[in-house]
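Here the structure comes first, spelled out in structure tokens, and everything after it is commentary.
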Amino acid sequence: MSALQPPRCLSTPAPGPVLVFAPHPDDEVIGVGGTLALHARQGDRVHVLVAFDGAAALPDRTREEARELRRLEALAAGRALSTNTCALTHQFLEFPEGHEPSGADLRRGAALLARILLERRPTSVYAPWPGDAHTDHRTLARALALALEQIPAHQRPEHLWGYEVWSTLEPSCLMDVTPVMAMKRAALACHVSQGASELTRRALGLAAWRSAHLDGDQRYAEALCPFPLADSQRFESAPNFSSEPCA
């Protein structure tokens with residue numbers, strides 16, 4: 001992050017329905033679990049789309065057993081990020097993970113994501129940023145960028161954000177998630193098959209490090225950057241809600 005152009009610090013996300021794209025069960029919690037909890041607390045409808053089945057992370061189980069376990073863990077994590085009045089919903093595409101798709105596969109995936117975007121009409125979208133080190137994360141980002149190109153500009157989500165999991169990004173915004181860190185911690189703990197204790201240590205360490213630009217001690221933040229379109233255009237305008245430059 002640049003000292004000349006510090007990221008903006010936000011304490012509340014833009015209101016309205018949310019669609020978050022997760023490569024695997026748990027990625028949305030690591031990257032934007034706190035932000036999703038903030039959305040839920042302000043009554044926004046939050047839908048999580050999980051693209052890949054995550055079965056490769058459990059080689060000692062059959063694919064069917066692994067898929068079901070990871071699905072149940074994701075649903076439990078969603079409940080941990082929900083409130084009494086706003087429960088996260090999930091959709092599992094269950095594509096096999098760990099390979100580069102063909103051009104035809106990518107186009108079919110993009111068409112599916114475009115249909116989902118048009119059906120759900122989210123105000124805010126969160127997705128893995130295209131520079132992430134994980135193959136599946138980059139594949140989902142590429143498919144989403146192509147999907148957005150298929151949607152007329154006036155029907156695209158107002159706010160398009162990339163989040164980090166495996167690789168750090170250059171943030172334009174930092175979401176202060178300190179008030180909901182107990183919810184994020186509980187959601188991470190649901191992913192027992194992925195080593196919840198170590199997963200939590202890494203995710204909370206990243207969120208603690210990201211708080212360097214926030215005022216006060218013992219703070220936590222999640223980093224966001226504009227999500228680019230397939231033709232490398234970016235939504236350069238700042239979000240249409242109140243924020244102040246970080247100190």
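The values are calculated or read from the model by the stated rules, or taken from the named source; none is laboratory data. Worth saying up front: this structure is predicted, and the values here are computed from it rather than measured. Ideal geometry is used to build each Cβ from the backbone, glycine not excepted, and the neighbour counts take in all protein chains shown. Side chains are part of the model used for accessible areas, which takes the heavy atoms of the whole protein and leaves out ligands, DNA and RNA. Shrake-Rupley method; radii C 1.70, N 1.55, O 1.52, S 1.80 Å.
What about R121, is it surrounded by fewer than 22 Cβ atoms within 10 Å (Cβ to Cβ) and over 23 Å from R219 (Cβ atoms)? Before you say what the answer is, go through the steps one by one.
Numbers: surrounded by fewer than 22 Cβ atoms within 10 Å (Cβ to Cβ): yes; over 23 Å from R219 (Cβ atoms): yes.
Considered against the rule, which asks whether it is surrounded by fewer than 22 Cβ atoms within 10 Å (Cβ to Cβ) and over 23 Å from R219 (Cβ atoms), R121 comes out as yes.
Quick one: in segment 125-138, which of the residues that are under 15 Å from F21 (Cβ atoms) and in a helix (DSSP H, G or I) is most open to solvent (accessible area, probe 1.4 Å)? Give the derivation first.
Filtering segment 125-138 for residues under 15 Å from F21 (Cβ atoms) gives 125-130, 132, 134, 136-138.
Checking the rest, the ones that are also in a helix (DSSP H, G or I) come to 136-138.
Numbers: D136: 1, H137: 1, R138: 78 Å².
By that ranking, first place goes to R138.
So which residues in segment 183-195 are charged (D, E, K, R) and open to solvent by 50 Å² or more (accessible area, probe 1.4 Å), if there are any at all? Quick ask: steps written out before the conclusion?
Just the residues of segment 183-195 that are charged (D, E, K, R), to begin with: 184-185.
R185 - this is the single residue of segment 183-195 that is charged (D, E, K, R) and open to solvent by 50 Å² or more (accessible area, probe 1.4 Å).
Just to check your reading of the model, which residue among L199, L146 is touching an Asp or Glu at 6+ places or on another chain (Cβ under 8 Å), surrounded by fewer than 23 Cβ atoms within 10 Å (Cβ to Cβ) and farther than 20 Å from A40 by Cα? Lay out the reasoning, then the answer.
Numbers: L146 fails: touching an Asp or Glu at 6+ places or on another chain (Cβ under 8 Å).
Going through L199, L146 in turn, just one is touching an Asp or Glu at 6+ places or on another chain (Cβ under 8 Å), surrounded by fewer than 23 Cβ atoms within 10 Å (Cβ to Cβ) and farther than 20 Å from A40 by Cα: L199.
Checking V32 against (1) of a type in the set (A, V, I, L, M); (2) closer than 26 Å to S211 by Cβ; (3) modelled with pLDDT under 95; (4) buried (at least 17 other Cβ atoms within 10 Å of the Cβ), only one condition comes out false. Which one?
(3)
I need every pair where a residue in segment 214-226 that is in contact (Cβ under 8 Å) with a residue 60 or more places away in the chain has its Cβ under 6 Å from the Cβ of a residue that is of a type in the set (V, I, T), sequence separation at least 6 or different chains.
Y220/V177; Y220/T178; E222/V32; E222/T35; E222/V177
Among residues belonging to segment 169-182 that are in contact with a helix residue (DSSP H, G or I) (Cβ under 9 Å, 6 or more places away or on another chain) and open to solvent by less than 40 Å² (accessible area, probe 1.4 Å), point out the one that is farthest from R210 (Cα to Cα).
Restricting to residues being in contact with a helix residue (DSSP H, G or I) (Cβ under 9 Å, 6 or more places away or on another chain) and open to solvent by less than 40 Å² (accessible area, probe 1.4 Å), the top hit is V180.
Per-residue answers, yes or no, for (1) in contact with a strand residue (DSSP E or B) (Cβ under 8 Å, 6 or more places away or on another chain); (2) surrounded by 15 or more Cβ atoms within 10 Å (Cβ to Cβ); (3) more than 13 Å from M183 (Cβ to Cβ):
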position	(1), (2), (3)
A51	yes, yes, yes
A55	no, yes, yes
E64	no, no, yes
R67	yes, yes, yes
R71	yes, yes, yes
A76	no, yes, no
A80	no, yes, no
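Among the numbered conditions (1) open to solvent by 10 Å² or more (accessible area, probe 1.4 Å); (2) at negative phi, tell me where P13 comes up short.
(1)
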